[in-house]
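Novice: Just dropping this structure here.
The values are calculated or read from the model by the stated rules, or taken from the named source; none is laboratory data. What you are looking at is a predicted structure, and each value in this text was computed from that prediction instead of being measured. Please note: Cβ atoms are built from the backbone with ideal geometry, for glycine as well, and neighbour counts cover all protein chains shown. All accessible areas refer to the heavy atoms of the entire protein, side chains included, with ligands and DNA or RNA removed. Shrake-Rupley method; radii C 1.70, N 1.55, O 1.52, S 1.80 Å.
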Amino acid sequence: MLDTFFNVEIMKAAWPILLAGLGNTLLLSVTVVPLGLLGGLMLALLARLHSPWVRWPLMAWVDFFRAFPPLVLLILLYAGLPFIGIELGGFGCVAIAFFLNTGAYYGEILRAGIDSVPTGQTEAARSTGLSASQTMAWVVLPQAVRNVLPDLMSNTLEVVKLTALGSVVAMPELLFQARQAQSLTYNPTPIVVAALVYFALLWPLVRLLSRLENRALRAG
Amino acid sequence: MTGWERFLDTFFNAKVMAKYWPDILHGMWVTIELAMLVVVTGIASGLALALLRAAGIRPLNWLMIFVVDALRALPPLVIIVLIYFGLPSAGLTPSGFVSTWAALALVLMAFSEEIFWAGITAVPRGQWEAARSTGLSYAQALFHVVLPQALRLTIPPLTSRTIAITKGTALGSVVAVSEILGQASSAVSNSYNPSPLILGAAAYLVLFIPVVVAGRWVETRFAWKK
């Protein structure tokens, strides 16, 4: 059993491959999390325009991406676009898919955050002579982010986990590298090690979130 | 052929769609079956774990917290791959369908246990004490007083989490489950035309848009009182 799932020899051999994968997973994460946040911020700010011409399409947009599995979006871009001569490569497709998909989720969270800041804050800020965009950037957004920080963190955890989808479009991230190593060695040890690496990477965040969520529910 | 016609011919090719829509339809049934199994087993086992945790057996609770944390920290695709490619080395050969079901049910179990547990602890202590002092047993107090209040709190977070995990059935395509995405991908490579993917995408929207809209309604209907 140990020889099958925790084979030390194979661990040693696979470690450099997995380490390269971990590097790419981290690189991918620090790219797609800001991209998703940017997309979300754009949606949340658009939602501030209380016109029905903006609100309904926005709601449809968000519901669309909530209903659409991210992997399907990714495959659609990766396998579909080359047919009309657009070759974005794995990384480009992942970036666009995450911008759209996780942007919709971040957007909902940020919108709720902005709604939670009392209007008096905006009025007070505007009356001191700040412009509308200054008010948003320096007064409303910092409070909004604070109010929904657990949700933002929880979504960020999901986004980092989602980077494993990159393996399907041949991005050499952690899961992809582990599967390569597994098929080279005919041994599942590299996948077990990759799972342990994910766990070590994300467990602190899970623990923190679990505490924050419990506290929020008790206070609610 | 104009550019627009070429675009239509590529992504909305009627001939290709006519040929492959029965496959996609079959994929839809597999997706529905998989999703139902995941939701029922995942939520039931999550509730069972939360109730077990309420019994307050220390070492058992630590073990449970650790397992739940691990399932929350690992990407679902990694768990699927681990089951599908790992277990055969231990003499078990689960099919892609079973691997996907088991992995997603475990993930949903972990998330729903957390949510149910948070709901149970959110019910004020006084409710327990009052119920017990009227002569209800521990189990009676739990099932007739605490749980009904707890479940109400858990509905909004549980709904959005369940939808998110159910969409993960698409991950089954990676381990050769013939659900919507799997069917669509193989149809694309057989026909050398991406129209089946568009059909597949439409199939997902047909299945999940009503769920998302219903979920939105449920979330506002049972929203936490702030």
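Novice: Could you count how many residues in region B:115-147 are surrounded by 14 or more Cβ atoms within 10 Å (Cβ to Cβ), more than 30 Å from the chain's Cα centre (by Cα) and not in a helix (DSSP H, G or I)?
Specialist: Here the count works out to 1.
Novice: Do you know which of the residues in region A:168-191 that are within 8 Å of chain B (Cβ to nearest Cβ) and open to solvent by 20 Å² or more (accessible area, probe 1.4 Å) is farthest from residue B:67 (Cα to Cα)?
Specialist: Applying the filter and picking the extreme gives A:168.
Novice: Now a separate question. For the condition of a type in the set (Ser, Thr, Tyr), over 19 Å from residue A:167 (Cβ atoms) and in contact with a helix residue (DSSP H, G or I) (Cβ under 6 Å, 6 or more places away or on another chain), what is the one hit in A:25, A:4?
Specialist: A:4
Novice: Sticking with this one: Could you grab me the full set of residues in region B:28-75 that are without any contact (Cβ under 8 Å) to a residue 24 or more places away in the chain, more than 14 Å from chain A (Cβ to nearest Cβ) and assigned to a helix (DSSP H, G or I)?
Specialist: Scanning region B:28-75 gives B:29, B:33, B:36, B:40, B:44, B:48, B:52, B:58, B:59, B:60, B:63.
Novice: Pairs please, first residue from region A:140-151 and in contact (Cβ under 8 Å) with a residue 24 or more places away in the chain, second anywhere and open to solvent by 60 Å² or more (accessible area, probe 1.4 Å), Cβ atoms under 8 Å, 6+ apart in sequence or on different chains.
Specialist: These pairs meet every condition: A:140/A:121; A:143/A:121; A:150/A:213.
Novice: Of the residues B:214, B:110, which is within 12 Å of chain A (Cβ to nearest Cβ), out of contact with any Pro (no Cβ under 6 Å at 6 or more places or on another chain) and either of a type in the set (Asp, Glu) or surrounded by fewer than 19 Cβ atoms within 10 Å (Cβ to Cβ) (or both)?
Specialist: None of the other options fit; the residue is B:214.
Novice: Of everything in region A:192-211, what is open to solvent by less than 50 Å² (accessible area, probe 1.4 Å), within 19 Å of residue A:13 (Cα to Cα) and either out of contact with any helix residue (DSSP H, G or I) (no Cβ under 7 Å at 6 or more places or on another chain) or among the β-branched types (Val, Ile, Thr) (or both)? Give them in sequence order.
Specialist: Across region A:192-211, the qualifying residues are A:192, A:193, A:197.
Novice: If you check A:211, A:207, which single one turns out to be closer than 23 Å to residue B:165 by Cα and in contact with an Asp or Glu (Cβ under 7 Å, 6 or more places away or on another chain)?
Specialist: Answer to the check: A:207.
Novice: Then there's this: Right, residue B:53: surrounded by 14 or more Cβ atoms within 10 Å (Cβ to Cβ), basic (Lys, Arg) and closer than 30 Å to residue B:141 by Cα or not?
Specialist: Yes; evaluated as a whole, the condition is true for this residue.
Novice: Give region A:1-13 a look and list any residue that's surrounded by 14 or more Cβ atoms within 10 Å (Cβ to Cβ) and either within 14 Å of chain B (Cβ to nearest Cβ) or under 30 Å from residue A:57 (Cα atoms) (or both), or say none.
Specialist: A:4, A:5, A:6, A:7, A:10
Novice: Name the residue, out of B:205, B:181, B:171, that is open to solvent by less than 10 Å² (accessible area, probe 1.4 Å) and facing chain A (nearest Cβ under 7 Å).
Specialist: Criteria check complete, one pass: B:181.
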